Amino acid sequence: MSVLINFKTHIDKTFPFLTKSKLLIAISGGIDSVVLTHLCHSAKLNITLAHCNFNLRGDESDADENFVVALAEHLNVEVFTQRFDTKAYATDNKCSIQMAARDLRYNWFSELAAQLQFDYILTAHHADDNLETFLINFTRGTGLEGLTGIPEINDTFVRPLLPFSSEQIKAYANANNITWREDSSNASVKYLRNKLRHQVVPILKEINPSLLQSFQTTLENLNDTADIVEESTNAVLKRAIETMNEHFITFKISEFRKVNNPKAYMFEVFKSFGFTEWNDMVALLDAETGKQIRSNTHRLVKNREHLLLSPFKNNNTPEEISISKTEIQKETPFGVLYFEAVDAILKPEQHTIYVDKDKLKYPLVLRKKQEGDVFYPLGMTGKKKLSKYFKDEKLSLLDKENTWLLCSENTIVWVVGKRADERFKVTKSTKQILKIQKR
């Protein structure tokens, strides 16, 4: 059975929605993306081409672009091209040329699809690419997720050539007199993928001529196992998550202690947040309160019988926010503060206080806790260190860091959302009542 018939059958069975969709094909000019274009065109799919010129190979890169434009004209389909200064992007973003090219092309494809309302973006990854990706992840060290292969569908990206080998793709190209561009950099073994492609995979295929078929069976088994792992992890996660808010997620430590292998479950739960030191993660279960582990993007903090997961703060958050006397509302990192003159005190609420406006000195200031802060908790007769108040209230490290103070001339008026200060309370002699509310 020909590759074209197999391709059409695969589309009808696995991706029937593509036949009624507006499709963008990522085309380099190489054999894989060119064959994908011809197959889609022969299958009468609604396609448009998109080509990236990364300006990495001089005249060769320009020749690739010209080839793609000519192919589009030959097939009578629309084509978009984009040129990038890939080296400058890599330098500015401190990443490899390969990563820079990847980021640039995927970002551009997504922008193009969004702007021109393409339903899906097709890429020409095939069975050999899948095997190479598996081997790359395997050699670098990975979890089960890294061994389950390239997904056929990932959001708007679809990879309809995954069941086909590079040998089948080349045979189809030769049988149909299809021309393509050879990327000279593909012959270099300085890149890991090329080294595996040219030096390792041929030996594996020599050992097992049915390697790709055997590998596909392995992938199917691994994906079945991954489904079981995901189901089990979700069950533990459902029991473990106690609360979620804009600042952090709270996990019950007891739920991780109940399972036979806490390390395995913690890996599955927290791997997407950039953590890598899994023995330290397990040790956190029995660590003292305040102990924490950091990744590049998140931190996990031990707080009594809980773990608190939070992203690192946005560096753009101001240290202080000034509030003038005329402002009736103020945008803050935690929401909006509303200021309203009222005639009487209504039922007290956690996020609302009433103060004697004449006792306030403007501008008011919102800030975080400072060393030595004290206040007079409403309803009490003495002062209290803010640090002692936080401890008595059993606030976690993250709760403390996310608590703001409303101050008048550096005197605390309100531990926002928690406790007002006695010195600003409304009394019988109060002439102006100010209602302050957090929403």
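The values are calculated or read from the model by the stated rules, or taken from the named source; none is laboratory data. What you are looking at is a predicted structure, and each value in this text was computed from that prediction instead of being measured. Positions of Cβ are generated from backbone atoms using ideal geometry, with glycine treated the same way; all protein chains shown enter the neighbour counts.
Values computed for the structure shown
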quantity	calculated
Out of ARG239, ARG159, sole residue that is touching a Pro at 6+ places or on another chain (Cβ under 8 Å) and not hydrophobic (A, V, I, L, M, F, W, C)	ARG159
Members of segment 82-136 that are aromatic (Phe, Trp, Tyr) and outside any loop (DSSP other than H, G, I, E, B)	TYR89, TYR106, TRP108, PHE109, TYR120, PHE134
Complete set of residues in segment 404-439 that are in contact with a Lys or Arg (Cβ under 8 Å, 6 or more places away or on another chain) and at pLDDT below 90	GLY417
Identity of the residue in segment 341-370, among the hydroxyl-bearing types (Ser, Thr, Tyr) and assigned to a strand (DSSP E or B), that ends up nearest to the chain's Cα centre (by Cα)	THR352
Some residue of segment 191-212 being assigned to a loop (DSSP other than H, G, I, E, B) and at positive phi	no
Tally of residues being within 24 Å of PRO333 (Cα to Cα) and either hydroxyl-bearing (Ser, Thr, Tyr) or exposed (fewer than 13 other Cβ atoms within 10 Å of the Cβ) (or both) across segment 265-289	0
Considering residues of segment 146-161 that are surrounded by 15 or more Cβ atoms within 10 Å (Cβ to Cβ) and not in a loop (DSSP other than H, G, I, E, B) only, the residue modelled with the lowest pLDDT	GLY146
Hits in segment 162-190 (condition: free of Cβ contacts under 8 Å to residues at least 40 places away in the same chain and either acidic (Asp, Glu) or crowded, with 17+ Cβ neighbours inside 10 Å (or both))	LEU162, GLU167
Near pairs, Cβ below 7 angstrom, 6+ apart or cross-chain, from segment 228-249 (basic (Lys, Arg)) to any residue that is crowded, with 16+ Cβ neighbours inside 10 Å	ARG239/GLU255
Any chance PHE312 is of a type in the set (Phe, Trp, Tyr) and in contact with a Pro (Cβ under 8 Å, 6 or more places away or on another chain)	no
Criterion violated by LEU346 - all others in (1) more than 30 Å from VAL259 (Cα to Cα); (2) surrounded by 14 or more Cβ atoms within 10 Å (Cβ to Cβ) satisfied	(2)
Residue, modelled with the highest pLDDT, within segment 1-20, restricted to residues that are outside any helix (DSSP H, G or I) and exposed (fewer than 15 other Cβ atoms within 10 Å of the Cβ)	SER2
Among the residues listed as GLU60, GLU65, the single one being farther than 26 Å from LEU162 by Cβ, in contact with a Ser or Thr (Cβ under 8 Å, 6 or more places away or on another chain), assigned to a helix (DSSP H, G or I) and in contact (Cβ under 8 Å) with a residue 40 or more places away in the chain	GLU60
Qualifying residue in segment 371-381 (condition: of a type in the set (Phe, Trp, Tyr), part of a strand (DSSP E or B) and either on the phi < 0 side of the Ramachandran plot or surrounded by 19 or more Cβ atoms within 10 Å (Cβ to Cβ) (or both))	yes
Total residues in segment 384-439, condition assigned to a loop (DSSP other than H, G, I, E, B) and not β-branched (Val, Ile, Thr)	15
Residue selected from segment 68-97 under the condition in contact with a Ser or Thr (Cβ under 8 Å, 6 or more places away or on another chain) and within 21 Å of CYS40 (Cβ to Cβ), by the criterion surrounded by the most Cβ atoms within 10 Å (Cβ to Cβ)	VAL68
ALA63 in contact with a Leu (Cβ under 7 Å, 6 or more places away or on another chain) and either more than 19 Å from HIS126 (Cα to Cα) or not basic (Lys, Arg) (or both)	no
Total residues in segment 21-44, condition surrounded by fewer than 16 Cβ atoms within 10 Å (Cβ to Cβ) and either basic (Lys, Arg) or at positive phi (or both)	2
